[in-house]
Amino acid sequence: MGFKEWINRNRVLKGAFKLIGIHFPLEQDDLIRISRRFLYLLGAGGVLLIVGFISFIRFSTSSYFCGSCHIMKPYYNAWKSSKHDFVPCVDCHYPPGFTEEVRGKIQASTQVVKYLTRTYGTKPYAEIDDASCLRKGCHSKRLLEGKADFKKGIVFDHKPHLTEMRRGRRLRCVTCHSQIVVGTHIAVTETDCFICHFKPEADGSKSPIADCTICHEEPKGDIELSGIVYNHEDFVDRGVECEKCHIDVVQGEGGVPKERCLSCHGELEKLEKFDEHQFIHDHHVTRRKVECAHCHSDIEHRITTRVEFVKTDCLICHSASHRAQEKIYMGTGGKGVEDMPNSMFLARVDCAGCHTIPKNGAPQSQFVGQTKEASEAGCLSCHGKDYLGILDDWKASIEDSLKKLKPKLEKAEKLTKGTLLDHKSYQEANDLYLKAKFNYEFVAYANGAAHNVEYSTALLDQAQEDIEKAITLLSR
């Protein structure tokens, strides 16, 4: 029995094919005959498929669709209660332009597939391009509007933040308008402002953009406090810094614990770039949307009214006064020499292991406190009489190296100042001079003989080599 005979003998199949305009004639040689009805149905089906596909695309890019997924509910609800509740999600999440719109619609459609196949992530991540914020009809004139009141007493200007480098970093709209506060959508997170403005410079000094008057104007009029009337204008006119009175308005350093990198990265080659600050900020702030608080610890900024005696942090006055000693003891911080930790540091001996001799007597200490100094007694108490005189030998050796190196540094300094900038070896020689000068001062200020004599010797040897090469280059 042939195929056509089998179809014609089966009434159900024959009727079904006939209904859609397909016949299997037994008396003709044609295997199949198609009527106009089938072509009409095929065309109608194609139109319905296209309409359905377009409708699906339109629906998948609607804000309602975004909120239909349970993992997006918190973000959808935050959007509904925000000032942007009239703006469709895709207007922000996809930059303007036909190409970007097509890419966005395709990407939105793939989210449906991920949802149905349960392959979606539980922590949604999205980036918003500046072009979305600055598109026509939204904030296209934001950069031209000048300063605006962020909140009472705080003035903000978008233009310098988006058109100029801030602390050597290029910012984006979402650098400040982020999504790290639960229940808010594209809100300004003051924590990010504080990290940028108040994080100390690399040398521990105050950042130039930490000046109070950048954001605040001084309070106007007389203020009465505990029966005393004063006016801020009197102090401002005399150039008195705000921190003279408001001593604890900034709390925290905004540092970056290295372990925070592990929450996103596991690749060793990426972790090795931890100290490449420019690279890190370029990839995390300028190119991507990583909130500052994901990496930096918090910095708090507020004014508190004290009713008890002022008890403030010593670091306000005594800032990193032992940084050089700490670094050289750890065997790091020098230039051109591999890290070389002191064996005492590796044995977990802290400062109190050597600093054992009280500086002040009992009558003095009750008024000025107590400071303990280091001496050879600290060495002998652990190592015995075999170490008698060894500290003096170390000091004599380092002092001799410093004494020999100093006139060469002075000679190189004169040569660099007297050499034209376009000299073919100027840049190389100047870099060598600065490197040698740094190592010289590092050992001198850190008391290298007492804190790490091996590392100090290596640094001064390197400085000696660098400075001699610099002099040779500039003497040609």
Counting only residues that are of a type in the set (D, E, K, R) and without any contact (Cβ under 8 Å) to a residue 24 or more places away in the chain, how many does the range 383-407 have?
6
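To keep it simple, each residue is scored yes or no on (1) modelled with pLDDT under 90; (2) farther than 23 Å from MET344 by Cα.
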| site | (1), (2) |
| --- | --- |
| CYS382 | yes, no |
| ASP386 | yes, no |
| LYS403 | no, yes |
| ASP422 | yes, yes |
| GLU428 | yes, yes |
| ALA463 | no, yes |
| ASP466 | no, yes |
Answer yes if at least one residue in the range 183-190 is polar (S, T, N, Q), in the same structural domain as HIS284 (by TED's automatic domain parsing) and modelled with pLDDT of 80 or more, and no otherwise.
no
MET165 meets each of (1) surrounded by fewer than 14 Cβ atoms within 10 Å (Cβ to Cβ); (2) touching a residue at least 40 places away in the same chain (Cβ under 8 Å) with one exception, condition (2)
If the Cβ limit is 9 Å and pairs must be 6+ apart or interchain, which residue in the range 265-286 that is farther than 19 Å from ARG166 by Cβ and in the same structural domain as ARG167 (by TED's automatic domain parsing) pairs with which residue that is assigned to a helix (DSSP H, G or I) and aromatic (Phe, Trp, Tyr)?
LYS273/PHE279
Residues (within 25 Å of ALA202 (Cα to Cα) and among the β-branched types (Val, Ile, Thr)) located in the range 226-268
ILE247, VAL249, VAL250, VAL256
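Looking at HIS355, HIS281, HIS322, which one is touching a Lys or Arg at 6+ places or on another chain (Cβ under 6 Å), closer than 23 Å to THR457 by Cβ and modelled with pLDDT under 90? I'd like the intermediate steps shown before the answer.
Details: HIS281 fails: closer than 23 Å to THR457 by Cβ; HIS322 fails: touching a Lys or Arg at 6+ places or on another chain (Cβ under 6 Å).
It is HIS355.
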Within the range 130-170, take every residue that is assigned to a loop (DSSP other than H, G, I, E, B) and within 20 Å of the chain's Cα centre (by Cα) and give me the one that is modelled with the lowest pLDDT.
GLY168
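Being part of a helix (DSSP H, G or I), basic (Lys, Arg) and either within 21 Å of ALA446 (Cβ to Cβ) or in contact with a strand residue (DSSP E or B) (Cβ under 9 Å, 6 or more places away or on another chain) (or both) is the filter here, so list the residues in the range 362-395 that pass it.
Initially, the range 362-395 is screened for residues part of a helix (DSSP H, G or I), giving 362-368, 376-383, 385-387, 390-395.
In the following step, the residues that additionally are basic (Lys, Arg) were identified as 385, 395.
Hit for the range 362-395 is LYS395, nothing else.
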Cβ-Cβ below 8 Å, separation at least six or inter-chain, first residue in the range 356-382 and over 21 Å from ALA450 (Cα atoms), second small (Gly, Ala, Ser) and not in a helix (DSSP H, G or I): which pairs?
ASN360/GLY369
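Condition (residue is of a type in the set (Gly, Ala, Ser) and part of a loop (DSSP other than H, G, I, E, B)) applied to the range 285-293: is it met by at least one residue?
The answer is no, given that none of the residues of the range 285-293 is of a type in the set (Gly, Ala, Ser) and part of a loop (DSSP other than H, G, I, E, B).
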Does SER82 satisfy the criteria of being within 19 Å of ILE71 (Cα to Cα), not hydrophobic (A, V, I, L, M, F, W, C) and not assigned by TED's automatic domain parsing to the domain that holds ALA293?
yes
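The values are calculated or read from the model by the stated rules, or taken from the named source; none is laboratory data. Here the structure is a predicted model, which is why all the values come from computation and not from measurement. For neighbour counting, all protein chains shown are included, and Cβ atoms are generated from backbone atoms with ideal geometry for every residue, glycine included.
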